[in-house]
Structure formats: structure tokens, C-alpha cells
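Comments concern the structure below.
Nothing in this text is a laboratory measurement; each read-out follows from the coordinates by a stated rule. Remember, it's a predicted structure, so these values are computed and weren't measured experimentally. Note that each Cβ is placed from the backbone with ideal geometry, even for glycine, and that neighbours are counted across all protein chains shown.
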Amino acid sequence: MVYEYEGKTEKEAIEKAATELGLERDQFDVEILETQKNSLFKKGFVKIRVHTEDNAKSAVSETSYAGTKKIADPVPQGEFEEKLTTFIKEVIEKMGYEVKVDVMFREEKKIGIKLESSSSSILIGRKGKNLDALQLLLNVYAGKLGHEEVRVILDTENYRIRREEALVRLAYTTADKVRSSRNSILLEPMNPFERRLIHTTLNDIPDIETKSEGDGLYKQVRVIYKGLV
């Protein structure tokens, strides 16, 4: 089995893995995925991937722990997952594109669905708007199945992760520009999740503030210089 954890340091991430999996340190292998050192505007963290034997932690459920995202068995399990994957596959095929649909991860009240297609760029669309529309449709369908509490995340070609990383870089770059110019900058229209990521990324920077502007689903974030406090 494979799991991913984050901590402020490598030691903290490993200790979190050992505690939550109920294993001794010598019962799993650790792969360092990402390391970010503390800086003036960025908090340091270490992301690790933990590899365990299938029988080493058979008691671990599919419900993830806070801050943990588990790589799931890609085969749909149960009627709900079967219906979700079949539905989105049929929708995309009716659009005229071939697609393979797997389960990406399972968490409490959240499930990730992965699309594999030679037409991934079309399924993603400009700034991910096609993927967002398909994801919204899939969440509506999940509600129709009686699972309104479950949030479905739809992804392909790791677009969501790449988009998040790009938005974090954009947030810090924009903050630097605003600080240098002493003027505000209005970013491109974004969906609620993307706006929240910008707000959260810059929330702890004392001389910068953000606010959303506009109407509808796709609003813009304004990054503002407010001076030292």
C-alpha cells in the first residue's frame, strides 16, 4: 500500500505516518516527494510517500486521516463508485472522446476520479473550465444518487495538482509585484476553490491583503498592498 503525508520536517512527517498507520519505523519505506524550506513568505514543509506491505496494515480503512491522501485501488468499489465512473465515462464518450476512468483516491466524504484520454487537453479546456463543468455534473449526479455529502474531484494528467502549484506561484509573484509598485493587481477569473487557494496562500503576509470581486461562479481576486502593520 502507498500513502502520502506532510509535515514541517521530514521527522514530523515520518512520525505522523507511523502514528496514523500504527506501524514501527522499520515497517515501511519512505520516499521524499517534496521539500520546501522556510522563507520570509513561505512556510517550510516536507511531503513524503510511504510504502508498506499489503499485510502490514490490513486494518487501515479507505477513510483518510486529516492531512493524508491515500493512493487508492483504481478499480471502482461498490455500487456508488460503479455508477459514478460509468456515468462520467458515458458522458465523455457521447461527447466523442475515448476515455478510461479509474478511482484516484478515497477520503471521508471525498472521492477522486481520474480520466485517461488522448483528448485530455480538450477535456481540461482553457483554464480547466471543461474539467470544472464535468466535475460539477458529476457532483450533481452524486447528489441524485443520495450522496450529497460526498465531494467528487475529477482530474486528468494531474491537472489539478499542476494548477494548484501554478496558482501558489502566481500568488507569491503577484504579492512581490504589488509590494514593489504599491498598486493593487486584479487576477484572472477563478472558480471558488482557486480563489480560496490564493486567499489562503497570501493570508499570513502582513503587508498584503486579498479580496474577491465580481459576480457569478468565476470571480476575480484583487491583491492589495496595505503596508506594514
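Worth a mention:
- Boolean, Arg195 is surrounded by fewer than 15 Cβ atoms within 10 Å (Cβ to Cβ), among the basic types (Lys, Arg) and outside any loop (DSSP other than H, G, I, E, B): no
- Scanning region 97-143 for residues that are basic (Lys, Arg) and part of a helix (DSSP H, G or I) returns Arg126, Lys127, Lys129.
- Within region 169-192, being of a type outside the set (D, E, K, R), within 27 Å of Val152 (Cα to Cα) and outside any loop (DSSP other than H, G, I, E, B) holds for Leu170, Ala171, Met190, Pro192.
- Residue match in region 144-160 (condition: assigned to a strand (DSSP E or B), acidic (Asp, Glu) and buried (at least 18 other Cβ atoms within 10 Å of the Cβ)): yes
- Residues located in region 180-200, provided they are within 14 Å of the chain's Cα centre (by Cα) and touching a residue at least 12 places away in the same chain (Cβ under 8 Å): Asn191, Pro192, Glu194, Arg195, Leu197, Ile198
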